[in-house]
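One structure is given below, encoded as structure tokens.
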Amino acid sequence: MTEAPRPTAILLVLVAVGGCLGGDEPAVTRDPRDLGPPEPGPMTGGLQEQTRPYDCRTDPLPVPVMPNRFCVVRSFWLAGDVALGRLPMSLTLFGGNITVGAGPAGVWNVTVEVGASAATDAAARDEARRVALAWSHEEAGGHFVRANLTRGDGCGFCLSVRANVVVPANVLLSASFSTLAGQVQVRDVEALTLVASSGAGAVSVQVRARDLVVEARGREAYVRHEATASGRVEVKNDAGPIEYAVLEDARHGQNVQASSESGAVEVRLRDGTTNGNASAKAFVTHGFQGRAIQTTARLEAASNVLVRDAALLGGGG
């Protein structure tokens, strides 16, 4: 995958496209949100934590800055070794950006940084301590990384958060990455199931995967999907557009239904049949049922929807 990162933002709303646009469905009945059971095998994990002062006028962590403010950053480092074939993972933030990417074999890590500002250093540290990270990597029968960042009562606008996740490129993910407000970007990983959601922000997903769920509310939802097995894709953006790029080749078949509440739907795929109207279209690859990999996709946006060949340049901003 060589495309540059793409901004996006979004939240899930499911609206059925009229049955007259339907096509042949693959024999896939599983829930694309199902991350599966814990994975048995060798894996370790541990948590380190540190709180330090920093210059909130120059640090890229966007803590609100007012005159004579003191700033601290509280960092959580989750890390360990992993030799699993599949890694179930769930990361949930009360707000902030999430970035996910591939790293070297054998190691995983999740870094969460919380910035806080207040009138004194001690008050800033108190604000940072209102944030809690609950996590685990072991469950009955195997491993499942779960991390949930929450906050108590306090000066909510004085906090900002960013999280970075690195997983081995040779490990298959079954993962969910969710923030109530912020950007989510997932690149260059391979997954059985991947869920990426933001309540208010940008979402960009460029992955190899069987099943995808992208939920957003905002400027754009961008998905570049190389299907690895027959599966389902759901992309929703109830406050902006969607761009969905897929592979058109001899192995991959696409059954896409796309609708827009107030914009237009454009399909730039060639190896199939498109029907519908300006705001709702369906595309089915020629000989869909005979393709080795069959993907059924539902795209629902508040504004424009673009469906295109991932091998070609073009699309939204």
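Nothing in this text is a laboratory measurement; each read-out follows from the coordinates by a stated rule. Since the structure is predicted, the reported quantities are computational estimates derived from the model, not experimental observations. Neighbour counts run over all protein chains shown; Cβ positions are idealised from the backbone, glycine included.
Relative to one another, the C-alpha centroids of segment 176-208 and segment 231-261 are positioned 15 Å apart.
The modelled label-to-label distance between residue 122 and residue 229, using points 7 Å beyond Cα along the C-beta direction, is 5.8 nm. Listed by Cβ neighbour count within 10 Å, with the fewest neighbours leading, 31, 188 appear as 31, 188. Sequentially through segment 299-307, phi angles give Karplus couplings (6.51, -1.76, 1.60; θ = phi - 60°) of 10, 9, 10, 6, 10, 5, 10, 10, 10 Hz, Gly and Pro residues having no value and appearing as x. With each label modelled as a point 7 angstrom along the Cα→C-beta vector, the residue 262-residue 129 pair spans 4.7 nm. Cβ-to-Cβ counts within 10 Å put 249, 55 in ascending order as 55, 249, the fewest first. If you plug the beta carbon distance of residue 279 and residue 34 into 1/(1 + (r/R0)^6) with R0 = 22 Å, you get a FRET efficiency near 0.10. Between residue 208 and residue 77, the simple label model (points 7 Å from Cα in the Cβ direction) yields a spacing of 3.1 nm.
If you wrap segment 238-295 in the convex hull of its Cα atoms and look at it from every side, the mean projected area works out to 4.0 nm². Using only alpha-carbon positions in segment 122-262, the gyration tensor eigenvalues give semi-axes of 31, 21, 11 Å once each is multiplied by 5 and square-rooted (largest first). Per-residue Karplus couplings for segment 258-263, computed as 6.51 cos²θ - 1.76 cosθ + 1.60 with θ equal to phi - 60°, are listed in order as 10, 9, 10, 6, 9, x Hz, Gly and Pro entered as x. Based on DSSP H segments of at least four residues, each scored -39500 (n - 2.57), the chain has a per-residue ellipticity at 222 nm of -1000 deg cm²/dmol.
Computed over the chain, relative contact order equals 20 percent, with contacts defined as Cα pairs under 8 Å that lie 6+ residues apart. For segment 165-174, backbone phi angles converted through the Karplus equation (6.51, -1.76, 1.60; θ = phi - 60°) give residue-by-residue couplings of 10, 10, 10, x, 5, 9, 9, 7, 8, 10 Hz, Gly and Pro being listed as x. Against the empirical curve 2.2 N^0.38 Å, the C-alpha radius of gyration of segment 69-200 lands at a ratio of 1.10. Take every DSSP beta bridge whose two residues both sit in the chain, then give the antiparallel share in percent to the nearest 5. The antiparallel fraction comes to roughly 40 percent.
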